[in-house]
1. Looking at residue B:50, is it modelled with pLDDT under 95 and closer than 30 Å to residue B:149 by Cα?
2. Restricting to region A:110-136, and then to whatever is at the interface with chain B (Cβ under 8 Å from one of its Cβ atoms) and without any contact (Cβ under 8 Å) to a residue 40 or more places away in the chain, can you tell me which residue is surrounded by the most Cβ atoms within 10 Å (Cβ to Cβ)?
3. Among the residues of region A:179-190, which ones are under 18 Å from the mean Cα position of the chain (by Cα) and more than 12 Å from chain B (Cβ to nearest Cβ)?
4. Please count how many residues of region B:110-146 are surrounded by fewer than 19 Cβ atoms within 10 Å (Cβ to Cβ) and away from chain A (no Cβ under 14 Å).
5. Quickly run through region A:56-102 and pick out the residues that are of a type in the set (Asp, Glu) and within 14 Å of chain B (Cβ to nearest Cβ).
6. Sort out which residues of region A:13-37 are in a strand (DSSP E or B), out of contact with any Ser or Thr (no Cβ under 6 Å at 6 or more places or on another chain) and away from ligand 2 (no atom under 16 Å from the Cβ), and write them in order of number.
7. Spot the failing condition for residue A:46; the list is (1) in a helix (DSSP H, G or I); (2) away from chain B (no Cβ under 12 Å); (3) within 30 Å of residue A:251 (Cβ to Cβ), and only one is missed.
8. Just need a number here: residues in region B:177-198 that are touching a Phe, Trp or Tyr at 6+ places or on another chain (Cβ under 7 Å), assigned to a helix (DSSP H, G or I) and surrounded by fewer than 23 Cβ atoms within 10 Å (Cβ to Cβ).
Amino acid sequence: MTDPAPGPLLQLEDVHKRFGRTEVLRGITMSVAEGEVVAILGPSGSGKSTLLRCINHLERVDSGRVLFEGRLVGYRDKGGRLVEAPEAEIARVRARIGMVFQRFNLFPHLTALGNVMEAPVHVLGLSRDEARQRAAAVLERVGLGSKLDAYPAQLSGGQQQRVAIARALAMQPRLMLFDEATSALDPELVGEVLAVMRDLAAAGMTMIAVTHEMGFAAEAARRIIFMDEGVIQEEAPPAQFFSAPATERARQFLRRVSRP
Amino acid sequence: MPALAVDWTYIAQNFFSEIVLRGVWMTLQLSVIGMALGILLGTLFALARVSRQPVLRGASLGYIWFFRGTPLLVQIVFWYFALPQAWPSWAPWNGQLSPFQTGILALAINEGAYMTEIVRAGIQSVDPGQMEAARALGMTHRLAMRRIILPQALRVIIPPTGNEFIAMLKNSSLVSLISVRELFLVAKLQYSSTLLYFEWLIIASGWYLILTTIGSVFQFWLEHRYGAASFGPGAGRRWLSFGAKE
Ligand SMILES: Nc1ncnc2c1ncn2[C@@H]1O[C@H](COP(=O)(O)OP(=O)(O)O)[C@@H](O)[C@H]1O
Ligand SMILES: [Mg+2]
């Protein structure tokens, strides 16, 4: 099921976003090809989360365009003028883009299985049986085949984040967004989540991962995007970025974080 | 010591009399139906209150402002006497709505204003990350509200709703003013003709206490089942059986 039209899966063109008076994204242009794994690095407050949230229109962009599968996200082009798309249309795009949050955001009133089944049943319209099979399979895939009936409060942070990944995967997305998926975890639990992310990358999933895990970025990503102050400062393959960063800002950043 | 001149035998003879039981039944109907409609109205206006539409938010605010800000007694009289007079052309008011129905309407619309604030507080108590996660999965606002936000908001909504119901049991006595024969009006008619004030007020109060006690026990049970602590082990299972088809 590949897009017949050639071109990148995701494209951002001169995206600007401001909150009040502060401009958080100041002209982001980037593209991601099918199957690519991109790691976004940058200091806290540089706009990484905002960038991810603009991709699936959780935040409205102020100017510029986001194109997913060649189509405008969140807006319709009415003779050159952009008007916000109807909610159902935005929801359909979001259903094809998985998102994993720093704080998991699991639904606490549902079991692991319930969390993963919820959107396939109510968004995709799968029967409960189909959804249950699919959910059990993805939970198995993230190593939680024995925790189907556990509630989030009964799971460790690492397990919860793996449920959250499974919840996104059950929608069979074409793109996965990870926003510091391991930052809220105790150090000993980071590995199990990164392992799942590595497996996904190896299986050919298109991924954009905001991360502070330099090891993961160096090994799993094909490309590093380094952001600071709402601008992409540098874009390079990991080998090049980590050994010979082109900008002074990136060098400073790398001095402060542990290198891979 | 002079004995208190209360005829306990009379009280005992009349406590379960048909006329009293009819009044109790009327009070129960007013309270349960009024409360159910009040919860429905409160939920709708709370959803309006947290929506992105300024018009809906404004309508909700205006509703709360008016119906919380004026006495229930005045509202009851307004619906029954004033509105039909001022607006006779509107069919439902043309003597078509019985005192009982008008009483329920008045109680429900008043209760809805309080429930709006309670449901709103419940919705806003849910971590915004829940809505984000739901929307990121492709849920519309409405679906996310129904499946994700409201079930979690119940924890916060249930305890004050129990208090509202108990208040409703007592406030329903105000519709005696438009001649709905609920518990208080029954007692009033009786003490007016027999002049046994004390006896009839004891009968009425006794029944109010019975009803509110049952209400409190129900509230206690609900809170422990759905309202209490967080979604710990076991708690979640009970949540599931509450709303889901699972
Ligand atoms: N909803 C918001 N309202 C106002 N300011 C925000 C909001 N979200 C983010 N910001 C601000 O935007 C800047 C970038 O935030 P963010 O995208 O979260 O950065 P990062 O993920 O790189 O740490 C920060 O200064 C933050 O305070
Ligand atoms: Mg962030």
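The values are calculated or read from the model by the stated rules, or taken from the named source; none is laboratory data. What you see is a predicted model, and the numbers here were worked out from it, not measured in a lab. Note that each Cβ is placed from the backbone with ideal geometry, even for glycine, and that neighbours are counted across all protein chains shown.
1. yes
2. A:114
3. A:180, A:181, A:182, A:183, A:185, A:190, listed by residue number.
4. Looking only at that region, the number is 3.
5. A:59, A:84, A:87, A:89
6. A:15, A:18, A:23, A:26, A:27, A:29, A:30, A:31, A:32, A:37
7. Exception for residue A:46: condition (1).
8. 4
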